[in-house]
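Reviewing the structure listed below.
No lab work stands behind these numbers, since they all come straight from the coordinates. Not measured: the values here are computed from a predicted model. So basically every Cβ, Gly included, is an ideal-geometry build from the backbone, and we count neighbours across all protein chains shown.
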Amino acid sequence: MPLVRIDLIRGKSVEFRKTLGEIVYQAMREVINVPADDKFQIFTEHAAEELNVADNYLGNAYSKDIVLIQVTMNAGRTVEMKKAFFKKIADDIHAQLHLRRDDVVINLVEVVKENWSFGGGIAQYAE
C-alpha cells in the first residue's frame with residue numbers, strides 16, 4: 001500500500017491534480033509492481049509563501065510550479081526500479097501537464113509490511 005502525498009502551490013485545477021495523481025498511480029502499477037486499486041493519495045495545496053524551497057539543488061533549478069511527491073511504501077524495490085519510477089513520473093508529468101522535469105521532486109519512504117493497517121485495526125500484512 002503506497003501512501004502518496006503530493007504538495008504543490010495552490011491554484012491548479014481539479015483536472016490537473018487528478019491527472020497528476022493518475023500519473024503517479026500508473027507509474028506505481030507499471031514500474032514498481034503495485035497491485036490494482038492500491039491507490040491512497042493526499043493532495044495538499046499551499047500558498048506560495050508556505051513552501052520554503054531552494055532556488056536550485058544538485059543541478060536542478062526550481063520554479064513556482066514545483067511539485068513535491070512523497071511515497072511511503074513497502075521496502076524491497078531495486079535501485080534500478082526506483083530510478084525508472086522517478087524517470088517515468090517526471091517524463092509523464094512533463095509530457096501530460098507541461099511541467100519542467102526539474103520541478104518534480106520525489107521522495108520514497110520505505111517501511112516494513114507489518115507497519116500497515118488497511119482498516120479494522122488489523123495489521124493485514126503482519127506474518
At 7 Å along Cα-to-Cβ for each site, give me the label-to-label distance between residue 36 and residue 61 in nm. 4.5 nm
How far apart, in nanometres, would the label points at residue 70 and residue 51 be if each is projected 7 angstrom from Cα along the Cα-to-Cβ direction? 1.4 nm
Please give the FRET efficiency for residue 16 paired with residue 117, using the beta carbon to beta carbon distance and R0 = 25 Å, rounded to the nearest 0.05. 0.20
Note to self: C-alpha centroids of segment 59-122 and segment 24-54 sit apart, in Å, by 6 Å
Chain lengthening between residue 26 and residue 95 when straightened (0.36 nm per residue, less Cα-Cα): 23.4 nm
Return the calculated 222 nm mean residue ellipticity for the chain, to the nearest 500 deg cm²/dmol, obtained by summing -39500 (n - 2.57) across DSSP H runs with n ≥ 4 and dividing by the residue count. -10000 deg cm²/dmol
Option label - volume of the Cα convex hull per residue in Å³ computed here, alternatives [x] 126; [y] 113; [z] 255: [x]
Assign one of three labels to segment 81-127, namely rounded, prolate or oblate, based on the Cα gyration tensor with a ≥ b ≥ c the square roots of its eigenvalues; rounded applies when a/c is under 1.5, prolate when it is not and a/b is larger than b/c, and oblate otherwise. prolate
Two-decimal Rg/Rh of segment 25-84 from alpha-carbon positions, Kirkwood Rh? 1.03
Compute the helix-to-body angle for 79-97: its Cα long axis versus the longest principal axis of the chain, expressed 0 to 90° and rounded to tens. 50 degrees
